[in-house]
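Presented below is the structure to which this report refers.
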Protein chains: 2
Amino acid sequence: MKLVRLIAMMMAFATPIWAGTDPLPSWNDGASKAAIVDFVSHSVDPASAGFVPVPDRIAVFDNDGTLWSEQPVYFQFFFALDQARAKAAADPAWANTPILQAAATGDMKTIMAGGEAALIEIVSATHSGMTVEQFTAEVAKWIATAKHPQTGLPYTGMTFQPMIELLDYLRANDYQTYIVSGGGVDFMRAFAETAYGIPPQNVVGSLGKASVVMVDGKPEVMKDPGIAFIDDKDGKPIGIERAIGKRPVFTAGNSDGDLAMLQWTSAGTGPRFGMIVHHTDAAREWAYDRDSHIGKLDKALDAAPAAGWTVVDMKTDWAKIWTGQ
Amino acid sequence: MKLVRLIAMMMAFATPIWAGTDPLPSWNDGASKAAIVDFVSHSVDPASAGFVPVPDRIAVFDNDGTLWSEQPVYFQFFFALDQARAKAAADPAWANTPILQAAATGDMKTIMAGGEAALIEIVSATHSGMTVEQFTAEVAKWIATAKHPQTGLPYTGMTFQPMIELLDYLRANDYQTYIVSGGGVDFMRAFAETAYGIPPQNVVGSLGKASVVMVDGKPEVMKDPGIAFIDDKDGKPIGIERAIGKRPVFTAGNSDGDLAMLQWTSAGTGPRFGMIVHHTDAAREWAYDRDSHIGKLDKALDAAPAAGWTVVDMKTDWAKIWTGQ
């Protein structure tokens, strides 16, 4: 281990990292790529006005729609439906409300008619009643086998190759990369390290209620029904203050749920980078913004030019979209 | 920077870290020191049954009574009293309740008669109504100048030298060190990096309510009155799951407030280390345990032998106590 690291350090010292190599090969040349490289290279140059000291190199990324796809519904909701079906099959009494019955049978019409309350009921019921470690194991098992209903790809195959390159590029330049997402923190932690190289302690998300209970004489943290914190909209700056305690210098999102986080990032003093991933490629992924029921991008898109945020056009900026293709 | 790191890596590779140097010079030779060194050296040896992979090397430390003193009251409460006096001096209308009036005048008798509700009222009133960044600046200013009423030392001079050596020793062996404390997270972050080498994102603590508001046209995270989460007792394992998402392998505390965290750590599979700092030195610090109103250590002390936790006897185990002496 030490030897491997020593060699890595010596190589890093002998030649500048990435000298002669493109750190972002899946990004087409253009304004977006140029803006990223310009910001990052200045941020590591002590002689530049854009220099950012290493401890302040905090980069935060939304997950759904920013690091992987989110259509036709958030992937965490597909997990919840699969869990509902499995739980009802194991114990028919589990689906003891009309909404849970609809979830167990995949009756989307009833679920959608129930609105947000129905979605919360389904997620709450399928994400509680087990320890955090049991839940993580369930998610890990699901994500290793489940396939997206429209693409047939595993969900982690629908992560964005250009964004993974960006995460690697930032880390190679001593940035700490975080997820800051409205998704459930335990759900994302089950795959974020493998999929994105982001360890559990760098994942910030929505929180369910929890309690400590004795299981076989040992204390365990149980996931209880109900929501303790929603890490979306104004919840994102608050979630970052609570979990990280520093204002990021680099923030990427894709919807109005990320607007507060982008504005709060940009309001800091010194160099800041804001990015919006704009879903513009109906042929290779999906095209949606102002009128979408998922990942609605309206106010943030309007605010981008004056704020100086880089709006990434997936269709023209990305040579490749999904890691799994 | 790169060169310095290269040289550090080469030295680490050429000879074992600390070979010929005592990493814990303020620890007297004895069972406690031997247990620490034994655990850590095995944890970094891939051939040992006690090996711990690098990503799992998570070490958590309570703060009050574990990393610094906590008598005669938590130091955060001295800060609250000083803030109350200053706020009432600037605006007499601020102290608009009997308890806040008592805080502003240092009338401890009235405060103590008010019990826990009074303490919460004082902390809530002095820790809200400003942005997180303003609050951090207030704490930083206070901690740079305030003196402990009994010792005359600055509060950061009452951090424990042996524990700071332990934090350094763990980090030198690729442990990530965290604070997990009932103290307010924003209060601790104002000095934890300087005092302990623990950056803001590695501080887990109690949380106040918060909101995002526009200040001069820019969004800021405001500290609001009220408490959102208490990171004590069962709150500690829950706080760790929420902020870190991994069960620690090394946990240190000093009171029954740390019992759940110690038990939960020990209940994990694989090598685990639990430590209790026992305040036994009335001459150099304070001596207290089962009957103390602060840092009560009773059930955890009883549980230690069967659990295999190392009970540190400050009087005999520590050659030096405070960093500031």
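The values are calculated or read from the model by the stated rules, or taken from the named source; none is laboratory data. No experiment lies behind these values; they were computed from the predicted model shown. Here Cβ is always computed from backbone atoms with ideal geometry, including for glycine, and neighbour counts include all displayed protein chains.
Would you confirm whether or not the range A:138-159 contains a residue that is within 30 Å of residue A:43 (Cβ to Cβ) and among the β-branched types (Val, Ile, Thr)? Yes. The set of residues from the range B:270-294 being in contact with a strand residue (DSSP E or B) (Cβ under 7 Å, 6 or more places away or on another chain), over 21 Å from residue B:166 (Cα atoms) and among the small types (Gly, Ala, Ser) comprises just one member, B:287.
Of the residues making up the range B:231-242, those that are crowded, with 24+ Cβ neighbours inside 10 Å and out of contact with any Gly (no Cβ under 9 Å at 6 or more places or on another chain) number 5.
Return yes when residue A:140 is touching a helix residue (DSSP H, G or I) at 6+ places or on another chain (Cβ under 6 Å), crowded, with 21+ Cβ neighbours inside 10 Å, under 29 Å from residue A:96 (Cβ atoms) and of a type in the set (A, V, I, L, M, F, W, C) and no when it is not. First the steps, then the outcome.
On the way: touching a helix residue (DSSP H, G or I) at 6+ places or on another chain (Cβ under 6 Å): yes; crowded, with 21+ Cβ neighbours inside 10 Å: no; under 29 Å from residue A:96 (Cβ atoms): yes; of a type in the set (A, V, I, L, M, F, W, C): yes.
No.
Determine whether the range B:233-250 contains at least one residue that is in contact with a Phe, Trp or Tyr (Cβ under 8 Å, 6 or more places away or on another chain) and away from every other protein chain (no Cβ under 13 Å). Scanning the range B:233-250, I find at least one residue that is in contact with a Phe, Trp or Tyr (Cβ under 8 Å, 6 or more places away or on another chain) and away from every other protein chain (no Cβ under 13 Å), so the answer is yes.
Going by what's in this entry, would residue A:291 be described as assigned by TED's automatic domain parsing to the domain that holds residue A:183, outside any helix (DSSP H, G or I) and either farther than 27 Å from residue B:186 by Cβ or under 18 Å from the mean Cα position of the chain (by Cα) (or both)? It would help to see each step written out before you state the result.
On the way: assigned by TED's automatic domain parsing to the domain that holds residue A:183: yes; outside any helix (DSSP H, G or I): yes; either farther than 27 Å from residue B:186 by Cβ or under 18 Å from the mean Cα position of the chain (by Cα) (or both): yes.
So residue A:291 passes the test.
Per the listing B:131, B:145, the residue uniquely free of Cβ contacts under 8 Å to residues at least 40 places away in the same chain and within 27 Å of residue A:241 (Cβ to Cβ) is B:145. Under the condition of being surrounded by fewer than 21 Cβ atoms within 10 Å (Cβ to Cβ) and not in a helix (DSSP H, G or I), which residue from the range B:191-206 is nearest to the other protein chains (Cβ to nearest Cβ)? By that ranking, first place goes to B:199.
The residues in the range B:30-51 that are within 25 Å of the chain's Cα centre (by Cα) and either closer than 27 Å to residue B:182 by Cβ or more than 14 Å from every other protein chain (Cβ to nearest Cβ) (or both) can be counted, and the count is 12. Flag not set for residue B:270, criterion: at pLDDT 95 or above and within 19 Å of residue B:61 (Cβ to Cβ).
Considering only the range B:191-224, state which residues are among the β-branched types (Val, Ile, Thr) and within 20 Å of residue B:58 (Cβ to Cβ).
The initial filter retains those residues of the range B:191-224 that are among the β-branched types (Val, Ile, Thr), namely B:194, B:198, B:203-204, B:212-213, B:215, B:221.
Hits for the range B:191-224 are B:198, B:203, B:204.
So is residue B:222 touching a residue at least 12 places away in the same chain (Cβ under 8 Å), crowded, with 18+ Cβ neighbours inside 10 Å, touching a strand residue (DSSP E or B) at 6+ places or on another chain (Cβ under 8 Å) and within 13 Å of chain A (Cβ to nearest Cβ) or not? Answer is yes for this residue. Residue B:228 fulfils the conditions (1) more than 9 Å from chain A (Cβ to nearest Cβ); (2) surrounded by fewer than 24 Cβ atoms within 10 Å (Cβ to Cβ); (3) in contact (Cβ under 8 Å) with a residue 12 or more places away in the chain except for a single criterion, (1). Considering the conditions (1) at pLDDT 95 or above; (2) over 20 Å from residue A:150 (Cβ atoms), residue A:281 is excluded by exactly one of them, (2).
Inside the range B:228-248, residues that are outside any helix (DSSP H, G or I) and touching a strand residue (DSSP E or B) at 6+ places or on another chain (Cβ under 6 Å) make up a count of 8. Pairing each residue of the range B:162-180 that is in a helix (DSSP H, G or I) with any residue that is among the hydroxyl-bearing types (Ser, Thr, Tyr), provided the two are 6+ apart or on different chains, yields C-beta distances under 6 Å for B:162/B:26; B:165/B:26; B:167/B:177; B:167/B:196; B:170/B:177; B:171/B:177.
Is it the case, given these coordinates, that residue A:253 is in contact with a Phe, Trp or Tyr (Cβ under 7 Å, 6 or more places away or on another chain) and surrounded by 19 or more Cβ atoms within 10 Å (Cβ to Cβ)? Considered against the rule, which asks whether it is in contact with a Phe, Trp or Tyr (Cβ under 7 Å, 6 or more places away or on another chain) and surrounded by 19 or more Cβ atoms within 10 Å (Cβ to Cβ), residue A:253 comes out as no. Of all residues in the range B:262-279, those satisfying the criterion of being aliphatic (A, V, I, L, M) and more than 9 Å from every other protein chain (Cβ to nearest Cβ) are B:262, B:275, B:276, B:277.
Does residue B:59 satisfy the criteria of being free of Cβ contacts under 8 Å to residues at least 24 places away in the same chain, buried (at least 18 other Cβ atoms within 10 Å of the Cβ) and in contact with a Phe, Trp or Tyr (Cβ under 7 Å, 6 or more places away or on another chain)? Spell out how you get there, then give the answer.
Numbers: free of Cβ contacts under 8 Å to residues at least 24 places away in the same chain: no; buried (at least 18 other Cβ atoms within 10 Å of the Cβ): yes; in contact with a Phe, Trp or Tyr (Cβ under 7 Å, 6 or more places away or on another chain): yes.
Spelling it out, it is not the case that residue B:59 is free of Cβ contacts under 8 Å to residues at least 24 places away in the same chain, buried (at least 18 other Cβ atoms within 10 Å of the Cβ) and in contact with a Phe, Trp or Tyr (Cβ under 7 Å, 6 or more places away or on another chain).
For residue B:236, the stated conditions hold: it is of a type outside the set (A, V, I, L, M, F, W, C) and under 24 Å from residue B:73 (Cβ atoms).
Is it true that residue A:117 is under 25 Å from residue A:230 (Cα atoms) and surrounded by fewer than 16 Cβ atoms within 10 Å (Cβ to Cβ)?
On the way: under 25 Å from residue A:230 (Cα atoms): yes; surrounded by fewer than 16 Cβ atoms within 10 Å (Cβ to Cβ): yes.
When the stated conditions are applied, residue A:117 passes them.
Candidates in the range A:165-190 are the residues that are away from every other protein chain (no Cβ under 13 Å) and touching a Pro at 6+ places or on another chain (Cβ under 9 Å); of these, the one that is surrounded by the fewest Cβ atoms within 10 Å (Cβ to Cβ) is A:168.
Considering only residues of the range B:128-147 that are out of contact with any Pro (no Cβ under 8 Å at 6 or more places or on another chain) and hydrophobic (A, V, I, L, M, F, W, C), which is farthest from the other protein chains (Cβ to nearest Cβ)? Looking at the filtered set, the residue picked out is B:142. For the range B:207-219, taking the residues that are crowded, with 20+ Cβ neighbours inside 10 Å and in contact (Cβ under 8 Å) with a residue 40 or more places away in the chain, the one that is nearest to the other protein chains (Cβ to nearest Cβ) is identified as B:210. Among the candidates A:84, A:102, A:89, the residue that is surrounded by fewer than 20 Cβ atoms within 10 Å (Cβ to Cβ) and assigned to a helix (DSSP H, G or I) is uniquely A:89.
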